[in-house]
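K.L.:
Structure provided below as structure tokens; questions to follow.
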């Protein structure tokens, strides 16, 4: 199954906001690999075939200012991207090499989902029927454990009966030392681990050993390569060389694990929390050993997951829609950190990547939830718990829901807008929290979680009923567009927030109250149609003729089955969007030519047939295919040029799964692709 989409960036090692490395080029040999922020986190792969050196990943010379005649790149014949793996296939001189990067983010096992271990699997065979002598070299640099390359690193080796562990760490272990957006981790330990095998030799050396391997296939360790040293000082690498021997038509294979123990993951209202996988006291070496021991089983499970998700995606929206799902899946998860609070409750904390770095942002969680409602509703609750905790505390002064609980990785209280009242998103965040509460309750067929927080949900529902019909001048999630009064799409969110509260009351058996709130939502929807309509479409803001916008919030009327807005409203909107479509998609509204990928797919999902849906989302596929901006899946781009406007590596791409959620139904959530359904392990 070849991926026909040319991705702007290819996910390789994708675990969390600090441990996420991509290839931002057409071929793995075109550039060094990079952290999602664009900073170099290099890996290099070389192969010698019958004595001749070739490159299959990265480059040999780490200093751009120095000339070096690089070994020729192997011919990359295929790139396949599935939800859980990125597979490169190369051919040269009668040899085929497959390099498969897999991060087993299987949603039915949260300890596995949290495990910071990713696989690089190598398979090599002859393609011409002749035996070939093959040796493979692979390394990763100390850049993976520092924020900037002038920081100093140390290294060590450890061995078990089965495995060799090579380790880098920043010499200053100052856990959770700062927060921010364009930052990389500089605490904890990074590991490269391989099996103990006479055919595999390991090294902690200068990157100069790449040149030794390319020149003659032999590596002579330096007697004067001492630690600690700056990550840029002769570029320390963790490396192994694998002598594959005489390779015939039957493939030979090996696997390496790249892992990161961050020791402490986040600070949560003053308490340093460890990653979820550490709950049982497992050590880093034990975690990596478990990853090795389970590789065969996990490979089969990942392949099954990938196959099912692609099949479902094709049925829901066609092959290009399935391509979008595959590219979005690992990113949506890796923009979060999974931890447990003191009581053992799941916390799934997003980072608002390349926006402002906020942690647990409500209007970032809201667009991401379709994926998690499908695969693991407990993660949606994990997004909401920090907001409920903060909003119930004396530290939150407002009657509406917060925007965030801090800046990653410090979740100690909202930082957005300096907590000034005029910088908040009152209708936006109240509506988001209510809709998420109803969605996860319907997915789990239980409103017990919502009941725990009903006092806050009731307060926010009252706020929407009183203030949401015709919103005052305020921000919405599309805050880059600035404040707006009478925002028609924001009003839809208020309607659906009130409807969500009615659903929650009904699930708790409070029938009379539920009916009153359902009636209130219906009245709001009827009034909305009166003041938003402008013939064949609806306006951007009430009282603003000649305007329009994507009414993406209306999709919840379909998902909830509330039918508050007449079918004709959605039909008119979809027809209007088709007429406003540019080469790379429908703009967000009439004010600019940019759009948001998540909202585009939500608006397209208002279509009641697959062909119309596919016609509206295929330009997004084309934008990713054509954009010159080589960054992880951006959700904010220009519909005329396919250029990135801003944002990358954000969790909101989980919203692209909304059409699939619509097809499956909220009641089927939690068991669509997971082996054990909604089981939380």
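K.L.:
For the list (1) part of a strand (DSSP E or B); (2) modelled with pLDDT under 95, I need the number of the one condition that residue 68 fails.
P.N.:
Single failed check for residue 68: (1).
K.L.:
A further question on this structure: In the range 71-82, which residues are touching a helix residue (DSSP H, G or I) at 6+ places or on another chain (Cβ under 7 Å) and part of a loop (DSSP other than H, G, I, E, B)?
P.N.:
71, 82, listed by residue number.
K.L.:
Restricting to the range 545-567, count the residues that are assigned to a helix (DSSP H, G or I) and out of contact with any helix residue (DSSP H, G or I) (no Cβ under 8 Å at 6 or more places or on another chain).
P.N.:
1
K.L.:
Moving on. Would you call residue 378 within 30 Å of residue 302 (Cβ to Cβ), within 20 Å of the chain's Cα centre (by Cα) and surrounded by fewer than 24 Cβ atoms within 10 Å (Cβ to Cβ)?
P.N.:
Against the criterion (within 30 Å of residue 302 (Cβ to Cβ), within 20 Å of the chain's Cα centre (by Cα) and surrounded by fewer than 24 Cβ atoms within 10 Å (Cβ to Cβ)), residue 378 qualifies.
Per-residue answers, yes or no, for (1) part of a strand (DSSP E or B); (2) modelled with pLDDT under 95; (3) in the same structural domain as residue 263 (by TED's automatic domain parsing); (4) in contact with a helix residue (DSSP H, G or I) (Cβ under 8 Å, 6 or more places away or on another chain):
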| site | (1), (2), (3), (4) |
| --- | --- |
| 5 | no, no, no, yes |
| 16 | no, no, yes, yes |
| 22 | yes, no, yes, no |
| 37 | no, no, yes, no |
| 44 | yes, no, yes, yes |
| 47 | yes, no, yes, no |
| 56 | yes, no, yes, no |
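K.L.:
Okay, moving on. Given the condition touching a residue at least 40 places away in the same chain (Cβ under 8 Å) and either outside the structural domain of residue 663 (by TED's automatic domain parsing) or in a loop (DSSP other than H, G, I, E, B) (or both), answer yes or no: does some residue in the range 572-580 qualify?
P.N.:
Looking through the range 572-580, none of the residues is touching a residue at least 40 places away in the same chain (Cβ under 8 Å) and either outside the structural domain of residue 663 (by TED's automatic domain parsing) or in a loop (DSSP other than H, G, I, E, B) (or both).
K.L.:
With respect to residue 351, is the statement that it is outside the structural domain of residue 633 (by TED's automatic domain parsing) and either buried (at least 20 other Cβ atoms within 10 Å of the Cβ) or at pLDDT 95 or above (or both) true?
P.N.:
Answer is no for this residue.
K.L.:
Within the bounds of the range 477-489, is there any residue that is in contact with a helix residue (DSSP H, G or I) (Cβ under 6 Å, 6 or more places away or on another chain), under 13 Å from residue 562 (Cβ atoms) and at pLDDT 95 or above?
P.N.:
Looking through the range 477-489, none of the residues is in contact with a helix residue (DSSP H, G or I) (Cβ under 6 Å, 6 or more places away or on another chain), under 13 Å from residue 562 (Cβ atoms) and at pLDDT 95 or above.
K.L.:
Only strands (runs of 3 or more DSSP E) wholly contained in the range 204-315 count here; list those with 1 or more residues that are assigned by TED's automatic domain parsing to the domain that holds residue 137 and in contact with a helix residue (DSSP H, G or I) (Cβ under 8 Å, 6 or more places away or on another chain).
P.N.:
In the range 204-315, the matching strands (runs of 3 or more DSSP E) lie at 236-247, 252-261, 266-268.
K.L.:
Please tell me if residue 357 is over 16 Å from the mean Cα position of the chain (by Cα) and either crowded, with 24+ Cβ neighbours inside 10 Å or under 19 Å from residue 429 (Cβ atoms) (or both).
P.N.:
No, not satisfied.
K.L.:
Let me ask something additional. With assigned by TED's automatic domain parsing to the domain that holds residue 523, crowded, with 19+ Cβ neighbours inside 10 Å and assigned to a helix (DSSP H, G or I) as the only criterion, which of 417, 443 stands out?
P.N.:
Just a single option satisfies the conditions, and that option is 443.
The values are calculated or read from the model by the stated rules, or taken from the named source; none is laboratory data. Computed from a prediction, not measured in an experiment: that's the story for all the values here. Neighbour counts run over all protein chains shown; Cβ positions are idealised from the backbone, glycine included.
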